[in-house]
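The values are calculated or read from the model by the stated rules, or taken from the named source; none is laboratory data. The model shown is predicted, which means the values in this text are computed figures rather than measured ones. Don't worry about glycine lacking a Cβ; one is built from the backbone with ideal geometry, like all the others, and counts go over all protein chains shown. These accessible areas exclude ligands, DNA and RNA; they are computed on the full protein's heavy atoms, side chains included. Shrake-Rupley method; radii C 1.70, N 1.55, O 1.52, S 1.80 Å.
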Amino acid sequence: MWIVIKYKSKNLNLLKEDILKKLPSIPKFYYPKIKLQKYYNNQLKEFEKILLEGYLLCYHKDFENKLFLTQLKNTKGSEYVLPGSKENQKDIIRFIDCCKSFEDNEGYLKSDFFLLFKTRYAKFLSGHFVNMMFEIITEQK
């Protein structure tokens, strides 16, 4: 079962090490990342940025057991485990598959991934105008 863990900034490695100690076998970790390039002092520098900064997707077969989930709440570096992971397995798997389909050889997301979210039309999800469609006229920042 996939779960989503909210972790404290800059504690990703600490969290992964602590999870590895608590589980009987090796879990799968997934966090989509992008490669950025910036100029510093007339030199082009490359660095990576995690797309879901502060969130880690983790898979282990034993996460079905609530005992393991309660143990993860007290891991070093984590803030909490997002509730509802069991009910949202299809959505989590669909998101991971979508991200993996846009990865390059090194595991970084390609720029084509962000074109998925560019649309002219949208729909209200809540409020007085629920399920009504509208057109986006201009984009700002």
Exactly one of Ser126, Ser85 is open to solvent by less than 100 Å² (accessible area, probe 1.4 Å), assigned to a loop (DSSP other than H, G, I, E, B) and within 24 Å of Leu12 (Cα to Cα), and that residue is Ser85
Of the conditions (1) touching a strand residue (DSSP E or B) at 6+ places or on another chain (Cβ under 9 Å); (2) at pLDDT below 90; (3) open to solvent by 80 Å² or more (accessible area, probe 1.4 Å), Lys28 clears all except one; give me its number. (2)
Please go through the stretch 31-79 and pick out each residue that is part of a helix (DSSP H, G or I) and surrounded by 10 or more Cβ atoms within 10 Å (Cβ to Cβ). Lys61, Asp62, Phe63, Glu64, Phe68, Leu69, Thr70, Gln71, Leu72
Suppose we filter Ser78, Ser101 for residues that are among the small types (Gly, Ala, Ser) and in contact with a strand residue (DSSP E or B) (Cβ under 6 Å, 6 or more places away or on another chain); which single one remains? Ser78
Residue list for the stretch 88-123, filter: open to solvent by 60 Å² or more (accessible area, probe 1.4 Å) and among the hydroxyl-bearing types (Ser, Thr, Tyr): Ser101, Ser111, Thr119, Tyr121
Does Ile26 satisfy being over 14 Å from Ile5 (Cα atoms), of a type in the set (Val, Ile, Thr) and part of a helix (DSSP H, G or I)? no
Are any residues in the stretch 59-94 farther than 16 Å from Glu17 by Cα and without any contact (Cβ under 8 Å) to a residue 60 or more places away in the chain, and if so, which ones? Asp62, Asn65, Lys66, Leu67, Thr70, Pro83, Gly84, Glu87, Asn88, Lys90, Asp91, Arg94
